[in-house]
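First comes the structure, then the notes that go with it.
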Amino acid sequence: MTIESTPLKGCLIIKPSIFGDERGYFFESFNQEKFRALTGIDTHFVQDNQSYSTKGVLRGLHLQKGASAQSKLVRVVKGEVLDVAVDLRANSKTYGQHFGIRLSADNNLQLYIPRGFAHGFVVLSDEAIFQYKCDNYYDKTAEAGIYYADPDLAIDWILPYEELIVSPKDLELPNLSAMGTTGF
């Protein structure tokens, strides 16, 4: 596997080593010892999640706050998404900035998102199966998020806004400016 930095400190692109032949392919989607050796991050994932969505579904921008904060390792096993991370760490030089990357079953890229980031994705293919590992358990009382269409973030979700399918709950999330500059 190889690791590539993004403009947001600690947010990393992971490219697995893929071994293919006439039968198909094989790759390690995660190896804790290799991950720690290449990144210096000693994380222990405790929960795996998977979602299925159709084209235009936008999930996000979500995070868990306080003691329930989570770092995530995300990937796509079917289809393609635009995956977005927003830095909400207090005192971060890139506070309020975002990074987006296309993750797909074809490129097998993964994104590591540290604690203190909001995260979301939009499905670009007809269908997508999205998987993520979390280093802390989900806590409903620690849910937080940022409005996906916040003009201060100006995220290009690639698809036209009228084609996006967003949950009523996500439509009610606050803009970044409502948080002030304290971060999570």
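What follows is calculated from the coordinates using simple rules that are stated; it is not laboratory data. For clarity, every value in this text was computed on a predicted model and none was experimentally measured. Neighbour counts run over all protein chains shown; Cβ positions are idealised from the backbone, glycine included.
Overview of values
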read-out	value
Residue under evaluation Asp156, criteria (1) more than 17 Å from the chain's Cα centre (by Cα); (2) assigned to a loop (DSSP other than H, G, I, E, B); (3) under 24 Å from Thr54 (Cβ atoms); (4) among the charged types (D, E, K, R), criterion not met	(1)
Boolean, Lys169 is outside any strand (DSSP E or B) and either more than 30 Å from Phe30 (Cα to Cα) or touching a Lys or Arg at 6+ places or on another chain (Cβ under 8 Å) (or both)	yes
Which listed residue, of Gln110, Gln97, is closer than 21 Å to Asp170 by Cα and either touching a residue at least 60 places away in the same chain (Cβ under 8 Å) or surrounded by fewer than 19 Cβ atoms within 10 Å (Cβ to Cβ) (or both)	Gln97
Residue ID - surrounded by the most Cβ atoms within 10 Å (Cβ to Cβ), chosen from residues in segment 41-61 that are on the phi < 0 side of the Ramachandran plot, part of a strand (DSSP E or B) and of a type outside the set (S, T, N, Q)	Leu61
Tyr132 being surrounded by 18 or more Cβ atoms within 10 Å (Cβ to Cβ), in contact with a Lys or Arg (Cβ under 7 Å, 6 or more places away or on another chain) and aromatic (Phe, Trp, Tyr)	yes
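Condition check ((1) in contact with a His (Cβ under 7 Å, 6 or more places away or on another chain); (2) acidic (Asp, Glu); (3) over 23 Å from Leu159 (Cβ atoms)) across all residues:
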residue: Ile14; (1), (2), (3): no, no, yes
residue: Arg23; (1), (2), (3): no, no, yes
residue: Phe30; (1), (2), (3): no, no, yes
residue: Lys34; (1), (2), (3): no, no, yes
residue: Thr39; (1), (2), (3): no, no, yes
residue: Asp48; (1), (2), (3): no, yes, yes
residue: Gln70; (1), (2), (3): no, no, yes
residue: Leu82; (1), (2), (3): no, no, no
residue: Arg89; (1), (2), (3): no, no, yes
